[in-house]
Amino acid sequence: MDSDKNEIFSQRVRAGKRTYFFDVKATRSNDYYLTITESKRKYKDDGYTYEKHKIFLYKEDFNKFMNALSNTVDHVKEELMPNFDFDQFNEEPVEATANSEGNSELSWD
């Protein structure tokens, strides 16, 4: 199975030298899971390379993951940095793509 054919939805977040991809994918049995990929651009020798790290998140862990992420971000915002303006980083929109068949169009640029 081509790995691009099982992608249903993709959302990209650009963050300086890093780009985060949130991709919904389907298994052969039409179950769904999420991959979170961090792509970091690095200069090497005569050009750029991309270092990628990927997390697979399965539906049975969605709620636990979201609760832990939300609690952790809230702790930083409310307890560690209550006076910091996190909204200043809202400049770039999040990009989501899905084609007519529900498959995402994902590019690594």
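Quick notes on this structure:
- Test result for residue 94, among the aliphatic types (A, V, I, L, M) and either touching a Phe, Trp or Tyr at 6+ places or on another chain (Cβ under 7 Å) or at pLDDT below 85 (or both): yes
- Members of the stretch 62-86 found to be closer than 30 Å to residue 24 by Cα and modelled with pLDDT under 95, listed by number: 86
- Matching residues in the stretch 16-32 - criterion: being out of contact with any Asp or Glu (no Cβ under 9 Å at 6 or more places or on another chain) and surrounded by 10 or more Cβ atoms within 10 Å (Cβ to Cβ): 17, 22, 27, 31, 32
- Against the criterion of being modelled with pLDDT of 95 or more and not in a helix (DSSP H, G or I), residue 48 does not qualify.
Residue by residue, here is whether (1) under 16 Å from the mean Cα position of the chain (by Cα); (2) not acidic (Asp, Glu) holds:
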{"site": "8", "(1), (2)": "yes, yes"}
{"site": "15", "(1), (2)": "yes, yes"}
{"site": "23", "(1), (2)": "yes, no"}
{"site": "35", "(1), (2)": "yes, yes"}
{"site": "43", "(1), (2)": "no, yes"}
{"site": "49", "(1), (2)": "no, yes"}
{"site": "66", "(1), (2)": "yes, yes"}
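The values are calculated or read from the model by the stated rules, or taken from the named source; none is laboratory data. These numbers come from a predicted model, not from an experiment. For neighbour counting, all protein chains shown are included, and Cβ atoms are generated from backbone atoms with ideal geometry for every residue, glycine included.
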